[in-house]
Amino acid sequence: MPDETITSPVQSILRDKQEINVSTPTELISKDGVRIPIGYNAAPIKDQFGDIVGAFMVFRDVSDRQKSEYERNQLTLMLAAQQKRWENVLANVPGIVWESIVGPNSEEQRIESR
């Protein structure tokens, strides 16, 4: 839910006494209002008796990963549309369509009928 405040991970660790791993991006909103998509891990810090004396957290900015995933998804959609377009063209062309395939070595050439 947009702009929903979550329970402090530190409070959750102190209450539940276990590690937290959040891979689903959460937005961190800075004091000046900048929104940063993050993933984070948090774990309790225990003393020699096993009592929790604190917690530590590691935040990861996942902006680049989100951008890459979005771009990959867009390219996948474009490729699928292009493939469908060519399938439609080939299905509607009467006769035989020939495709010339040239490999990295100029001696590797072949012609295939489609």
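Read the figures in this text as sums done on the coordinates, not as results from a lab. Predicted, not measured: the structure shown is a model, and the values here were computed from it. Here the Cβ positions follow ideal geometry from the backbone for every residue, glycine too, while neighbour counts run over all protein chains shown.
Some observations on this one:
- 3J(HN,Hα) along region 37-45, derived from phi through the Karplus expression 6.51 cos²θ - 1.76 cosθ + 1.60 where θ = phi - 60°, amounts to x, 9, x, 8, 10, 8, 8, x, 9 Hz, with x in place of Gly and Pro.
- Euclidean distance of C-alpha centroids, region 53-92 and region 9-33, integer Å: 26 Å
- Amide H contacts for residue 38 (H built 1.01 Å from N in the peptide plane; partners 5 or more residues away or on another chain; cut-off under 5 Å): 26, 27, 28, 62.
- Each peptide among 8-20, 73-85 gets the average number of other Cβ atoms lying within 10 Å of its residues, and from highest to lowest they stand as 8-20, 73-85.
- Segment residue 24-residue 64, length gained on full extension (0.36 nm per residue, minus Cα span): 13.0 nm
- Distance between the 7 Å Cα→Cβ label points at residue 75 and residue 89: 2.1 nm.
- Protection proxy ranking of 60-67, 29-36 - average other beta-carbon atoms within 10 Å, highest first: 60-67, 29-36
- Phi angles across region 55-67 convert, under the Karplus curve 6.51 cos²θ - 1.76 cosθ + 1.60 with θ = phi - 60°, into 3J(HN,Hα) values of 8, 10, 9, 10, 9, 10, 6, 10, 4, 5, 5, 4, 5 Hz, Gly and Pro given as x.
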